[in-house]
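Asks: Below is the structure I would like to discuss, written out as structure tokens.
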């Protein structure tokens, strides 16, 4: 019987006699002491709905098992926890502002940090006084400019943490809030910052500035291992997302497009938009498409908290996290610009 690759996914029955199956991640070598290798598996318990009511009322004697939606969330969670052999940089970008790029960067970071045991940091590389830190921590007194000024003094993780703020388990590096200073954030400086962050963090998410021609964006594309392109379910929002792909392909980033994930926000849309046709268009060009439903909590533009998201929104971002993690450690997943 061939040996399974470390970190691969297989399916097993939910319990003896059950018709459903659930995806599980291969635990890897038995020499590694993890919850997969030393904790005895237990029958899956339903989390909510009538299944949970029956399970609770019977004292656990009757276990209907999780429903399809719970099985799907469990599968996505396991995919989001895929083992990562080294540092991985993810660029979140868009040619157009106002489509939710910063929101996607923030919630993707929160979701990965929530479900993984390694270190995740999100960097605001917007040259126009970005709002990422406002949406996550509200702390903008220390910025990426401060990190750059003291970059030669960094010798350990606590040294980096002086220039970040914390949202749950997610570390946040704020952008410079002075427009005169932020315009000077060059490709070289961006690469210096990433060299430090990838030394101490497993996952680095960059909230790129609007547009694709500024200097820092060149560095972002050159170093990124994964790409998320953000658009919306509107004529202009979807059109700009498509033009972003056109620009990337025209400048030699064919692999980035092919391996990219397109996120379409339903925060602002119309019944007159053919969402199915839009999705099909992007599915022919990229690896996957995720639709983010309208969510009142995100629409306020205030501080983002995972616990306040609608279940459908949380599931959509969990799917995005799983799709991003699907690219971890696979053959050819080096820098897209390399």
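The values are calculated or read from the model by the stated rules, or taken from the named source; none is laboratory data. Since we're looking at a predicted model, the values are computed, not measured. All Cβ positions, even for glycine, are placed from backbone atoms using ideal geometry, and neighbour counts span all protein chains on display.
Asks: Take the conditions modelled with pLDDT under 95, under 12 Å from the mean Cα position of the chain (by Cα) and more than 22 Å from residue 246 (Cα to Cα) and apply them to residue 73. Does it pass?
Replies: no
Asks: How many residues does the range 294-312 hold that are touching a residue at least 60 places away in the same chain (Cβ under 8 Å) and surrounded by 14 or more Cβ atoms within 10 Å (Cβ to Cβ)?
Replies: Residues that pass the stated criteria total 5.
Asks: Given 323, 278, 318, 309, which one is touching a strand residue (DSSP E or B) at 6+ places or on another chain (Cβ under 9 Å) and closer than 27 Å to residue 82 by Cα?
Replies: 323
Asks: Please work out which residue is surrounded by the most Cβ atoms within 10 Å (Cβ to Cβ), limiting yourself to the range 177-197 and to residues that are at pLDDT below 90 and outside any loop (DSSP other than H, G, I, E, B).
Replies: It comes out as 190.
Asks: Something else about it: Going by the structure shown, is residue 91 assigned by TED's automatic domain parsing to the domain that holds residue 320, within 24 Å of residue 298 (Cβ to Cβ), in contact with a helix residue (DSSP H, G or I) (Cβ under 9 Å, 6 or more places away or on another chain) and modelled with pLDDT under 90?
Replies: When the stated conditions are applied, residue 91 does not pass them.
Asks: Being buried (at least 17 other Cβ atoms within 10 Å of the Cβ) and part of a helix (DSSP H, G or I), is that true of even one residue in the range 153-173?
Replies: So far as the range 153-173 goes, yes, one or more of its residues are buried (at least 17 other Cβ atoms within 10 Å of the Cβ) and part of a helix (DSSP H, G or I).
Asks: Right, something else. Hey, any hits in the range 273-290 for a residue that's in the same structural domain as residue 98 (by TED's automatic domain parsing), more than 21 Å from residue 106 (Cα to Cα), touching a residue at least 12 places away in the same chain (Cβ under 8 Å) and exposed (fewer than 14 other Cβ atoms within 10 Å of the Cβ)?
Replies: no
Asks: Is it the case that residue 144 is in the same structural domain as residue 314 (by TED's automatic domain parsing) and modelled with pLDDT of 95 or more?
Replies: Criteria not met by residue 144.
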